[in-house]
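Here's the structure we're looking at; comments come further down.
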Amino acid sequence: DVLGGLVGSEMCIRDRAEAAEIMDLDPAVHELLRWPLREFHVTLPVKMDDGTTQVFHGFRVQYNDARGPTKGGLRFHPDETIDTVRALAAWMTWKTAVVDIPLGGGKGGIICNPKEMSMGELERLSRAYIRAIGHYIGEETDVPAPDVYTTPQIMAWMMDEYAAMRGYNVPGMITGKPLPLGGSEGRGDATARGGMYTIREAAKILGIDLANATVAIQGYGNAGQFAHQLVAELFGSKVVAVSDSKGGVYDEHGLDFDKVMEWKQQEGTVATYECCEGTKKVSNEELLELDVDILIPAALENQIGPWNAAKITAKIVAELANGPTTPEADDILHENGVYVIPDFLCNAGGVTVSYFEQVQNAYDFYWEIEEVHEKLDRKMTAAFHAVHDAIQQYKVNTRMGAYIVSVARVAEAMSLRGWV
Ligand code: NAD
């Protein structure tokens, strides 16, 4: 995952530079977009259960706030680095811009191994982080959220510590909170659901009948599981293959979501799933090359590269994962007529519902789940078409189309503010 951030940053840099050239951007705008506006490095002494004090290091990067308060997750990871956090903060800037929510991009992290820490130690670390950066974040400046190895419980402790600093409750200073503390309905499946709305729009443009479409999904975590459930529920498409880190399973008759989920919960993997004759094992590599209409990478970065891009026959690649396709593969897929829905558009449903959480916190009134879905649909559909229009106008691949939309929006905000 840390590597994923770095890969992403390289892609961001290459693509942003190319987008700047295509759009004939003012060099000052381009220069400003190369740098984070602010970075915080904090040192956190934490009392451990054995009575010793351990010193942790944390970061928060506020990459660009021209369009609004910076927004982005907070990662707890032993290999965390400022470079990764910075790259991911830049990525959040493009993601919030492409879905046109009034937020900028940020990211944070603490170097730690949460798997080796007790709940008490994690709570003290979370509170120490907020005491260190609490004066520089908030609902009008910078709003963290869960990310790698951080949870709704951690968000709740952080919200509580922040309330102690301010002297009153400020639920909108962080998102991904538990529902009783001001979380939003619909956050759980928001990433996959947002991706579904973009798949629906792409299918309309390409003339694909989703009710008769076949789907393969790589990865069976939060993004992949909900993708399986929703693609069947919303469109009636047939999911013929799914996989996780241990391998995958294929059935031309289609894989039932409830049965596969039950198997995954009992056996810990989908790779050994058996239901009827005709169910076959597939490797993760084979899954990507299956003859399906829609391929959904929902696991890791760097899965589609120059080594396999020419073998991908899907009509749509919907990137729920971050960075699953390398830049070289992007070009090959584009030439072969594969429609890639780029990651920072396809998986922006999560941050969009996080933004809805902030809005609900601000007016202290909470929406029904149907309202969340309807508003998410409108945001994702509008974003998809803005990107599709840019692809037509500039005659570029889909990822470049998305960069052009994002960079133009951030550049416009910086110009209106008089920064450039
Ligand atoms: P997760 O940890 O819940 O699940 C990851 C899944 O990928 C697991 O099923 C794991 O077994 C599988 N996996 C690991 N290695 C694999 C391999 N080599 N081949 C196939 N599968 C493999 O993670 P998630 O939250 O579902 O995130 C998946 C991707 O989606 C990541 O790239 C993440 O950055 C991206 N994403 C997630 C969200 C979200 O809200 N969850 C939002 C934006 C982007």
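Numerical summary
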item	result
Translational D in µm²/s for the chain (Stokes-Einstein at 10 °C, 1.306 mPa s, Kirkwood Rh from C-alpha pairs)	72
The stretch 243-339: radius of gyration and largest Cα-Cα distance (Dmax), Å	14.1, 43
Protection proxy ranking, peptides 389-397, 299-307, average beta carbon neighbours within 10 Å, highest first	299-307, 389-397
Neighbour-count order for ASP331, ASP251, fewest beta carbons within 10 angstrom listed first	ASP331, ASP251
Extent along principal axes [Cα atoms of the stretch 99-247; Å; largest to smallest]	56, 37, 26
Per-q log10 I(q)/I(0), the stretch 200-249, q = 0.20, 0.25 Å⁻¹ (Debye; single scatterer per alpha-carbon; no solvent)	-0.67, -0.92
Within the chain, helix-based [θ] at 222 nm, where runs of 4 or more DSSP H residues each add -39,500 (n - 2.57), nearest 500	-15000 deg cm²/dmol
Normalised contact order of the stretch 164-273, rounded percent, pairs of Cα under 8 Å and 6 or more residues apart	18
Cut-off under 5 Å, modelled amide H: who pairs with ASP189 long-range	none
Members of LYS115/LYS379; LYS95/LYS259; LYS246/LYS280; LYS238/LYS395; LYS71/LYS379 lying beyond 26 Å, as alpha-carbon distances in this model show	LYS115/LYS379; LYS95/LYS259; LYS238/LYS395
Convex hull projection area averaged over all views, the stretch 41-135, Cα basis, nm²	6.3
Diffusion coefficient, µm² s⁻¹, Stokes-Einstein with Kirkwood Rh over alpha-carbon pairs of the stretch 348-409 at 4 °C and 1.567 mPa s	100
Given charges at Cβ of Lys, Arg, Asp, Glu: the chain dipole, positive-most of HIS57, THR84, MET23	HIS57
Cα radius of gyration and Dmax for the stretch 159-263 (Å)	18.4, 59
Rg to Rh, two decimals, where the stretch 276-420 supplies the alpha carbon set and Rh follows Kirkwood	1.06
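Each value in this text was obtained by applying a stated rule to the coordinates, not by laboratory testing. If you're wondering where the values come from, they're calculated on a predicted model, not measured in any experiment. Neighbour counts run over all protein chains shown; Cβ positions are idealised from the backbone, glycine included.
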